[in-house]
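Read-outs throughout are calculated quantities, based only on the coordinates presented, and are distinct from any laboratory measurement. A quick note: this is a predicted structure, and the numbers were derived from the prediction, not measured. A quick note on method: Cβ atoms are made from the backbone with ideal geometry, for glycine too, and the neighbour counts reach across all protein chains shown.
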Amino acid sequence: MSSASLIKTPPQKVTVNGWVFYTSTALILLLTAILIAFPEEAGHILGVAQEWLSRSFGWYYMVVIAAYLIFVVGLAFSSYGKLKLGTKQDKPDFSYGAWAGMLFSSGIGISLLYFGASEPLDHFFNPPEGVSASHEAARQALQLTFLHWGLHGWAIYALVGLAVAYFAYRHNQPLALRSALYPLMGERWVKGAAGHAVDGFGMFVTLLGLVTNLGIGSMQVSSGLENLFGMAHSNTNLLIVIIVMSTVATIAAVSGVENGIRRLSNLNIILFSGLLIFVLLFGPTLHLLNGFVQNVGDYLNGIIMKTFDLYVYEGDSKKTEGWLGLWTLFYWAWWISWAPFVGMFIARISRGRTVRELVAGVLLIPLGFTLAWLSIFGNSALDLVVNQGAVELGKTALEQPSMAIYQLLEHYPASKIVIGVSIFVGFVLFLTPADSGAVMMANLSCKGGDVDEDAPHWLRIFWSVVITLVTIGLLFAGNFAAMQTMVVLAGLPFSVVLVLFMFGLHKAMRQDTLVEQEQAELAARGRRGFSERLTTQDLQPTQAVVQRFMDRHVTPALEEAAAQLRAQGLQVQTLLGAAKRCMGVRVDMEEGNPFVYEVSLDGYLAAPSDSGQDEVRSRYYRAEVYLHNGNQEYDLMGFTDEQICRDVLDQFESHRQFLGRVYS
């Protein structure tokens, strides 16, 4: 279709959304200033708040996280799974391989290096239930690690990505968090204060996750360099690492999704896979393979029980509440804090995919590798500590988790080279979430532009700088743990927004399915044609013939239809005029999708002919009708002016009656 289309509101120039940008920036800087100026007081208050949240809302987190997973899996297996994220004609922007690579890298960050060996060892020595450092604790350690990194977290990403993509590409809403509330609140509220609040708070939650990511990433890379070169731990080294990592991430963010992020994703897969295979082959390979199979079995067997396990019947409730707050609830809140930018990034790369494709891709493509990584590194660490007496490794996992993986690699051949490679892997792993996060925060700060048009470069640089400065300030003030606590606290209200996403998404899918069913019934009754019209199969008209028909018949018919609609007191937008390849009318409704009727001059390859038709006749053209949900697959060639006008008015009346049934 022509780019001058009414199906999308004609794009405005990309500008800063003042309400979202200034409010979120002020909130972020104010919180950072308080945490830096009053580290002890703020840390104490946040610690008390986290204990209260763990005690009062632990049950809620468990229930709502399970609901997200059940919801997205249910959508994928239902009839809604066939719905496309876009019009019928939309094709995916990226090949399946490139799309899978970006899905893999978008949510897998440097935290896997940080927690790969340290988390199973921590659960081994400090289990929520049972005897510490026992065989049962070792088995439970991997089960809990799988729970924290498994299906539940990826389901949160799938939910946000699905909601944002669905409303952006099927309902022509902005590629923003607020758009998912469109069916519940209507366009007026979504474009007003409620929408600004959702996007602004989404940016705030995102920044918490990105700062945590940069802090963990810088400590991970710094620890690796200290191990490799025997340097003493210092703030100077940490500062240099942060600045270098942030600078490279900013450059990648400026280069955009199609260039920097896609290439980094491919590099991620190669390096990450290479390190995993090395540890598998040069470690106790058979033991690791057996362990992986058993870990997967334990995870799947206990997924329901562990999803709802609050350790109510353990004797020391204070201990279990503290463990839940430190681990499970922190992970659920951390996944939620990453959901806005990872979900928006998934939406950004998923136009043309179906609902089922997106859910299956997000849940399965990164998950298999994540679980393999955690099993192989976790079991390798446990084997060294339990069977080979690597006491120092266990101590390091508890006291300096970022160093644990490097101490593990010291037990492998060519350890210095492998550690050097792992440092570089960590650096690259950090970059993809960091630069995609900066791009998505910049996009949330803007309004206008095409659906998948990214924010200007200066805004991406601005957010990269803010993330860097906040991380430096918190790390050097010794209050980085307070920011991690803030992640848990901020995740609670945003989890409610995600619940609203589910209701809004289900409502919109139900409405769209009813529309498609109604259109199919109309088509079956022969609604698409009139007996007087000619068929393109008979004439295969040239572009000039169809253009002349549109100028002489379609334009005046649309003008007459627009006049009749205006006579009903409706606000009608028109796209008319001679020699236009796309013309139409649009009426915004009080509730639901706008009414759009467009006629587009579309070309098709003609069927081969034995008569040897000339090159000019190798294509034929149609005056195709498009409604809000895309091409209706019928041609107006041969309609009279009166029939075209009547078709517009009939389609409008069908649209209005449908909205009346849905919203009554």
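For this structure, a couple of remarks:
- Extension gain, Val63-Asp551: 0.36 nm per intervening residue step, less the Cα-Cα distance, totals 169.8 nm.
- Backbone phi angles across the range 620-633, fed through the Karplus curve with coefficients 6.51, -1.76 and 1.60 (θ = phi - 60°), yield HN-Hα couplings of 10, 10, 9, 8, 6, 9, 10, 10, 4, 9, x, 5, 8, 6 Hz in residue order; Gly and Pro are listed as x.
- At q = 0.18, 0.22, 0.23, 0.29 Å⁻¹ the log10 of I(q)/I(0) for the range 121-180 amounts to -0.63, -0.78, -0.82, -1.01, computed by Debye summation with a single uniform scatterer per C-alpha, solvent ignored.
- Taking amide H as placed 1.01 Å from N in the peptide plane, the amide H of Arg351 sits under 5 Å from that of Asp93, each at least 5 places away or on another chain.
- Within the shell of other residues whose beta carbon sits under 10 angstrom from the beta carbon of Thr145, the net charge comes to -2, with Lys and Arg scored +1 and Asp and Glu -1.
- Neighbourhood charge, 15 Å Cβ-Cβ cut-off, centred on Gln294 and excluding it, Lys, Arg +1 and Asp, Glu -1: -2
- Summarised as an ellipsoid, the range 321-404 has semi-axes of 34, 18, 10 Å, derived from the eigenvalues of the Cα gyration tensor scaled by 5 and square-rooted, with the largest first.
- Histogram of C-alpha separations across the chain, 10 Å bin width, %: 3, 15, 23, 23, 15, 10, 7, 4, 0
- The GluC sites (Glu not before Pro) found in the range 568-607 that occupy coil by DSSP, while having at most 16 further C-beta atoms within 10 Å, are Glu590, Glu591.
- 3J(HN,Hα) from dihedral phi, the range 579-593, Karplus parametrisation 6.51/-1.76/1.60, rounded to Hz, x for glycine, proline: 6, 8, 7, 9, 9, x, 10, 9, 10, 7, 9, 5, 9, x, 5
- Relative contact order of the chain, defined on C-alpha pairs under 8 angstrom at six or more residues apart (%): 26 percent
- P(r) tail, the range 71-164: Cα-Cα pairs separated by more than 18 Å, 63% of all pairs.
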